[in-house]
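Trainee: Okay, here's the structure, questions in a sec.
The values are calculated or read from the model by the stated rules, or taken from the named source; none is laboratory data. Predicted, not measured: the structure shown is a model, and the values here were computed from it. Using ideal geometry, Cβ is built from the backbone for each residue, glycine included, and neighbour counts are taken over all protein chains shown.
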């Protein structure tokens, strides 16, 4: 009897030990979206002086941030929404010294498989944009009053800021803030880039945003005439920049 009890305990301990040595089951892989700013074919850096397109005024950027929404990866087996809404601030990641990978935005635990494309919105979708920061709990990505214009009844979708030298004056004398917002300014950005996700691994996906095209994509933005966008009465200018922004991603 004692031998049987001892043998049973030995078997149980052996089974437990073998279970402990097995690797943990991993829940898919990770996708690392790497947002990189350029100015034409050159890396773009905050607080560095550039020539404004066509007119050649000297300017610097001091901030760039935006809302990203409905980030979806697509495959022949179905579409997967991996993020509903988030806020990306690319300022620090594009201030000297520049990291090689730009702004890294990691999505963890993505189902393994082959994905054919992905897309996301720049801005806050209409249903959420109809709400205000007070409608969200503290800590929610949309609870920040600093990113909301009550007069617009809209979040600030895309926030490029800087300073520019106009009429021979020092850059520091002329700040610019070309804030985009309101439902009409929402833009969906689509990429036909394959993504292979494998168990327990990280897949890097580069997203380039060309700031030269933002100022002069479909049409040159006349920054001499307008350095501040803070009113819905400026909707034609908001839409002009939103259309430029849409073709600035690659």
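Trainee: Failed condition for residue 36, given (1) part of a loop (DSSP other than H, G, I, E, B); (2) crowded, with 20+ Cβ neighbours inside 10 Å, with all others met?
Mentor: Failing condition for residue 36: (1).
Trainee: Shifting gears a bit: Out of all the residues in the range 174-186, which are within 25 Å of residue 82 (Cα to Cα) and either modelled with pLDDT under 95 or surrounded by fewer than 18 Cβ atoms within 10 Å (Cβ to Cβ) (or both)?
Mentor: Selection gives 183, 184.
Trainee: From the list 206, 210, which one is under 23 Å from residue 31 (Cα atoms) and buried (at least 18 other Cβ atoms within 10 Å of the Cβ)?
Mentor: 210
Trainee: Within the range 152-181, count every residue that is closer than 27 Å to residue 60 by Cβ and in a loop (DSSP other than H, G, I, E, B).
Mentor: 9
Trainee: Tally the residues that are within 13 Å of residue 179 (Cβ to Cβ) and out of contact with any helix residue (DSSP H, G or I) (no Cβ under 9 Å at 6 or more places or on another chain), restricting the search to the range 205-227.
Mentor: 1
Trainee: Considering each residue of the range 81-114, count those that are surrounded by 14 or more Cβ atoms within 10 Å (Cβ to Cβ), over 14 Å from the mean Cα position of the chain (by Cα) and under 14 Å from residue 33 (Cα atoms), and give that number.
Mentor: 1
Trainee: Further question: Restricting attention to the range 82-96, which residues are in a strand (DSSP E or B) and either free of Cβ contacts under 8 Å to residues at least 60 places away in the same chain or farther than 26 Å from residue 125 by Cα (or both)?
Mentor: Correct list: 82, 83, 84, 85, 86, 88, 89, 95.
Trainee: Something else: Which numbered condition trips up residue 146, out of (1) without any contact (Cβ under 8 Å) to a residue 24 or more places away in the chain; (2) assigned to a helix (DSSP H, G or I); (3) farther than 30 Å from residue 166 by Cα?
Mentor: Condition not satisfied by residue 146: (3).
Trainee: Please go through the range 48-80 and give me each residue that is in a strand (DSSP E or B), more than 17 Å from the chain's Cα centre (by Cα) and at positive phi, ordered by number.
Mentor: 78, the sole residue that qualifies.
Trainee: On the basis of being outside any loop (DSSP other than H, G, I, E, B) and within 16 Å of residue 157 (Cβ to Cβ), does residue 189 make the cut?
Mentor: Against the criterion (outside any loop (DSSP other than H, G, I, E, B) and within 16 Å of residue 157 (Cβ to Cβ)), residue 189 qualifies.
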